[in-house]
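These notes concern the structure reproduced below.
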Amino acid sequence: MALPKRRHSKSRSRKRRANDFLTPAQTASCGHCGRSKLPHRVCGNCGYYGDREIVAFEE
C-alpha cells in the first residue's frame, strides 16, 4: 500500500476541503409561469422579470 513520502501542509489540506461546505444555488419560482429560476434573473422559460416582459419569445 502506498504511503505519502512527505506530510501535506495545512494550506494544501484546507484548499482541498474548501469545497466540502458549499451550498447549492438557491432558486425562486417565476411569478408568471411558475417554473424555478435563479433569483433576480429573467425567466428563461417565459422571458418575464417580475411583471414586465423583458424578452419576447416567438411561438
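Throughout, read-outs are computed from the coordinates displayed, never taken from laboratory work. Computed from a predicted model, the values in this text were never measured in an experiment. In this analysis, Cβ positions are derived from the backbone assuming ideal geometry, glycine residues included, and neighbour counts consider all displayed protein chains.
Do you know which residues across the range 9-44 are surrounded by fewer than 10 Cβ atoms within 10 Å (Cβ to Cβ), assigned to a loop (DSSP other than H, G, I, E, B) and on the phi < 0 side of the Ramachandran plot? Of everything in the range 9-44, those that are surrounded by fewer than 10 Cβ atoms within 10 Å (Cβ to Cβ), assigned to a loop (DSSP other than H, G, I, E, B) and on the phi < 0 side of the Ramachandran plot turn out to be SER9, ALA18, ASN19, ASP20, PHE21, LEU22, THR23, PRO24, ALA25, GLN26, PRO39. Pairs are defined by a Cβ separation below 6 Å, a sequence spacing of at least 6 or placement on different chains, a first member in the range 45-59 that is on the phi > 0 side of the Ramachandran plot, and a second member that is part of a loop (DSSP other than H, G, I, E, B) and of a type outside the set (Lys, Arg); the pairs so defined are GLY47/ILE54; GLY47/VAL55; GLY47/PHE57.
Within the range 1-37, the set of residues being within 21 Å of ASP51 (Cα to Cα) and of a type in the set (Ser, Thr, Tyr) comprises THR27, SER29, SER36.
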